[in-house]
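Data block below; observations after.
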Amino acid sequence: GSFPAKAFVLPALAAVLLVCRFMTAKKEFRSRNLKLAFSALSLACAAGGFAAVYFYPGGSGTLYELSQALHGHLEDGYGSSRVLIWKKLLALVPERPLLGGGPGTLAARVDLTFSRVVPETGKTLKAYVDNAHNEYLGILVNTGALSLAAYLAAMIATLHRARKGKAGDLAAPLACALLCYWVQAFFGLGLFLVAPMMWVLWGLASAKQQKE
């Protein structure tokens, strides 16, 4: 495959192997060699994906921006201007660190707009920032450090209990699905079309864990 394809395939394979390692961590799985194999393969694929991105030879696109970030070079426009948005929002945190500015108040606290010209019509479209483009940063800015700490603690508790649960329990695959969402949430918008599904899965996982 092409170089960019490898850069995506290796981390994806690492994630799959990590899930396998997660499942074999349960006490019912007694094969130490199998556990070590999944761990070693996962680390190898993750390292390969990291190297592929780090040495990416392209000059534009998402992989190029990731490569530049790994080299310590970040521009405000990277990630569809996420870097600029995060900088602006992080500057708001010291104003109300514990409780945040309040739910839904982000747009009122940050003065940041984007515009682009539509070639077909010649008109200029303008948009203002009302989303952190990072769910964790959004929680921190809107409802504060205490809220974010509680959210992260609940996440960790869910994953830990799923890891220690019984083999074949539905809570484990639910926790893996939640983990996938929580990883992409670092760049996500928390859209109403998707976020409710995460809460449903979280509720189901918690309910299964309570029965243990």
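The values are calculated or read from the model by the stated rules, or taken from the named source; none is laboratory data. Here the structure is a predicted model, which is why all the values come from computation and not from measurement. No Cβ is skipped: glycine too gets one built from the backbone with ideal geometry, and neighbour counts run over all protein chains shown. These accessible areas exclude ligands, DNA and RNA; they are computed on the full protein's heavy atoms, side chains included. Shrake-Rupley method; radii C 1.70, N 1.55, O 1.52, S 1.80 Å.
Quick one: LYS164 ticks every box in (1) in contact with a helix residue (DSSP H, G or I) (Cβ under 6 Å, 6 or more places away or on another chain); (2) in contact (Cβ under 8 Å) with a residue 60 or more places away in the chain; (3) not polar (S, T, N, Q) except a single one, so which number is it?
In the conditions (1) in contact with a helix residue (DSSP H, G or I) (Cβ under 6 Å, 6 or more places away or on another chain); (2) in contact (Cβ under 8 Å) with a residue 60 or more places away in the chain; (3) not polar (S, T, N, Q), LYS164 misses (1) alone.
Restricting the search to segment 180-204, which residues are within 8 Å of the chain's Cα centre (by Cα) and open to solvent by 60 Å² or more (accessible area, probe 1.4 Å)?
CYS180, VAL183, GLN184, PHE186, PHE187
Under the condition of being surrounded by 18 or more Cβ atoms within 10 Å (Cβ to Cβ) and more than 30 Å from SER80 (Cα to Cα), which residue from segment 170-179 is modelled with the highest pLDDT?
The extreme case among them is LEU174.
Before we move on, is ALA157 touching a residue at least 12 places away in the same chain (Cβ under 8 Å), surrounded by 12 or more Cβ atoms within 10 Å (Cβ to Cβ) and of a type in the set (A, V, I, L, M, F, W, C)?
no
Residue by residue through segment 123-148, note down the ones that are open to solvent by 50 Å² or more (accessible area, probe 1.4 Å) and within 24 Å of VAL194 (Cβ to Cβ).
ALA127, TYR128, ASP130, listed by residue number.
Take segment 79-115 and flag every residue that is exposed (fewer than 10 other Cβ atoms within 10 Å of the Cβ), of a type outside the set (Val, Ile, Thr) and touching a strand residue (DSSP E or B) at 6+ places or on another chain (Cβ under 6 Å).
SER115
Give segment 34-55 a look and list any residue that's part of a helix (DSSP H, G or I) and open to solvent by 50 Å² or more (accessible area, probe 1.4 Å), or say none.
LEU34, LEU36, ALA40, LEU41, LEU43, ALA44, ALA47, PHE50, TYR54 - these are the residues of segment 34-55 that are part of a helix (DSSP H, G or I) and open to solvent by 50 Å² or more (accessible area, probe 1.4 Å).
Rundown of residues vs (1) over 24 Å from GLU135 (Cα atoms); (2) out of contact with any Cys (no Cβ under 7 Å at 6 or more places or on another chain); (3) at pLDDT below 90, yes/no style:
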| position | (1), (2), (3) |
| --- | --- |
| ALA51 | yes, yes, yes |
| PHE55 | yes, yes, yes |
| THR62 | no, yes, yes |
| ILE85 | no, yes, no |
| LEU89 | no, yes, no |
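Could you list, in sequence order, all residues of segment 56-91 that are assigned to a helix (DSSP H, G or I), without any contact (Cβ under 8 Å) to a residue 24 or more places away in the chain and among the hydrophobic types (A, V, I, L, M, F, W, C)?
LEU66, ALA69, LEU70, VAL83
Scan (1) assigned to a loop (DSSP other than H, G, I, E, B); (2) under 17 Å from the mean Cα position of the chain (by Cα); (3) over 28 Å from GLY77 (Cβ atoms) for the single condition GLY102 breaks and write down its number.
Failed condition: (2).
Among the numbered criteria (1) closer than 15 Å to TRP202 by Cβ; (2) free of Cβ contacts under 8 Å to residues at least 40 places away in the same chain, which single criterion is violated by TYR128?
(1)
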